[in-house]
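I have placed the structure first, in the form of structure tokens, so that the comments after it can refer back to it.
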Amino acid sequence: MKSTGENIKIDGIDKEILRFLMEDARKPVLEIARNIGISGAAIHQRLRKLEASGLISGSKFIINPKILGYTTMAYIGIYLDKAMSNPVAVKELAKIPEVLECHYTTGNWSILIKVLCRDNEHLMHVLNKHIQQIDGVSRTETFISLNQQIDRQISI
């Protein structure tokens, strides 16, 4: 791995390590080392450098929300009355557990959020009682996701 300013260059071994871990973050380091043909200590050292560079940050378990009864995924474009309302709106949106992502955008909306609800009735409640009650929110535009077609990370 080489650092050039804010960007880093990763070599073939780094790429192989990352591919293994992106497939299964719990894959044992020694198994990765055997597959690549280098020592486990070298894998650990490279992972520490990749973490220190900011390229990777930990690992996580992925929960299937449908098992917990959350079946309605929606994207909501939020129109703010003033650009100055953005920090306040984002702070309030962060308090709503159903909000999974929040993006400051170009285009018609000021903010685009991704929400996960149990059903359409729950979504309507979140919209009416939480999101649309935030100071500065003038209106919203909601798109319900019928089915996620692609879910991936950037290719390494």
query = Considering only Cα-Cα distances, which of the following residue pairs are longer than 20 Å: Lys91/Lys114; Lys91/Lys129; Lys15/Lys114; Lys66/Lys114?
reply = Lys15/Lys114
task = Apply the Karplus parameterisation 6.51 cos²θ - 1.76 cosθ + 1.60, with θ equal to phi minus 60°, to every residue of the stretch 93-110 and state each ³J(HN,Hα) to the nearest whole Hz, in sequence, with x for glycine and proline.
result = 4, 4, 7, 8, x, 6, 7, 8, 9, 9, 10, 7, 10, 8, x, 5, 8, 7
note = Shape call for the stretch 2-53, from the Cα gyration tensor axes a ≥ b ≥ c (a/c under 1.5 means rounded, otherwise prolate when a/b beats b/c, else oblate), comes out prolate
query = In terms of the Cα gyration tensor, with a ≥ b ≥ c the square roots of its eigenvalues, is the stretch 1-107 rounded because a/c is under 1.5, prolate because a/b exceeds b/c, or oblate?
reply = oblate
request  = Collect residues whose amide H, placed 1.01 Å from N in the peptide plane, falls under 5 Å from the amide H of Ile8; neighbours closer than 5 in sequence don't count.
outcome  = none
query = Taking square-rooted eigenvalues a ≥ b ≥ c of the alpha carbon gyration tensor, is the stretch 108-156 rounded, prolate or oblate, where a/c under 1.5 means rounded and, failing that, a/b exceeding b/c means prolate?
reply = oblate
query = Relative contact order, percent, of the stretch 27-156 when contacts are C-alpha pairs under 8 Å separated by at least 6 residues?
reply = 28
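Bear in mind that the values in this text are calculations on the coordinates, not laboratory data. All of these numbers come straight from a predicted model, not from anything done at the bench.
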